[in-house]
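Input: a single structure, listed below in structure tokens.
The values are calculated or read from the model by the stated rules, or taken from the named source; none is laboratory data. Please read these numbers as outputs of a predicted model, since none were measured by experiment. Glycine also receives a Cβ, built like all others from the backbone with ideal geometry; neighbour counts cover every protein chain displayed. Only protein heavy atoms, including side chains, enter the accessible area calculation; ligands, DNA and RNA are left aside. Shrake-Rupley method; radii C 1.70, N 1.55, O 1.52, S 1.80 Å.
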Amino acid sequence: MTHGDDQGLILPPRLAPIQAVIVPIYKNEDERSGVMEVVERVRSSLAGFRIKVDDRSEFTPGYKFNDWELKGVPLRIEIGPKDVEKGSVALARRDMPGKAGKSFVSQNQLDQQVAEALSTIHEALYARAMEFRLANSHHPETYGELVDVVQNGWAYAWWCENPACEARVKEDSKATTRCLPLEQPGGVGRCIVCDEQASRQVIFARSY
Ligand SMILES: [Zn+2]
């Protein structure tokens, strides 16, 4: 749920089959040859990464940007005639669409810049996932609260492990026990459903 936004998927850089896509930008054959020369040089300087060059000539750069965003590729490297002139490239972060996620860096030591960008994206996605988890986990005190909070999140609660109690939760809220957290509060508590003694907490949530 956290690995996406309105534009589709966002793949974590360490798992992404393609970590960065290079999109060449040119308007005519003249520009094309200069740009592709730099593209090839950049590609070989990034041999340590999983790189894809999108040289499909039947699509515009804008179409390609969109296409790779949908597929969740974490980083885009744009190379156009101005970059050929200036010795630069544009980096665009998938997790931060628009100008905010764009930076212009030198073609020299691009491998370091790409490594840094991927690690920044990794950290940002991780922080987002943690925030999401915190914002959506609840510790209800009563059965009524449990039924309420699982409509939009998950709930840590004591459970006596009697299947009848789980069945009642499912009946009332469509939530079931999803997992047994490794970290337990210790001691004993009272089952959130039947108030009998419970030795463990579980996570109740609805499946989607
Ligand atoms: Zn119970």
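Per-structure values
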item	result
Total lysine pairs whose alpha carbons fall under 16 Å of each other in the chain (8 or more apart, or interchain)	5
Kirkwood-based Rg to Rh ratio, the stretch 3-63, C-alpha trace	1.03
Dimensions (Å) - the stretch 104-208, Cα atoms, principal axes, largest first	67, 28, 19
Relative pair counts by distance (%), Cα atoms of the chain, 5 Å bins	1, 7, 13, 14, 12, 9, 7, 7, 7, 7, 6, 5, 3, 2, 1, 0
Accessible area of the chain belonging to carbon and sulfur atoms, whole % at 1.4 Å probe	51
Local electrostatic count, residue 9, Cβ distance below 13 Å [Lys/Arg +1, Asp/Glu -1]	-3
Inter-centroid distance (Cα atoms) of the stretch 118-166 relative to the stretch 38-88, Å	39
Of every Cα-Cα pair in the stretch 102-157, the percent that sits beyond 15 Å	64
Protection proxy ranking, peptides 84-94, 104-114, 132-142, 69-79, average beta carbon neighbours within 10 Å, highest first	69-79, 84-94, 104-114, 132-142
Where the stretch 13-160 is the region considered: accessible area per residue in Å², 1.4 Å probe	56
Shape call, the stretch 26-120: gyration tensor on alpha carbons, a/c limit 1.5	oblate
Length-normalised contact order for the chain - Cα pairs under 8 Å, 6+ apart - percent	17
Loop sites in the stretch 165-208: trypsin sites (Lys or Arg not before Pro), DSSP, at most 15 other Cβ within 10 Å	174, 206
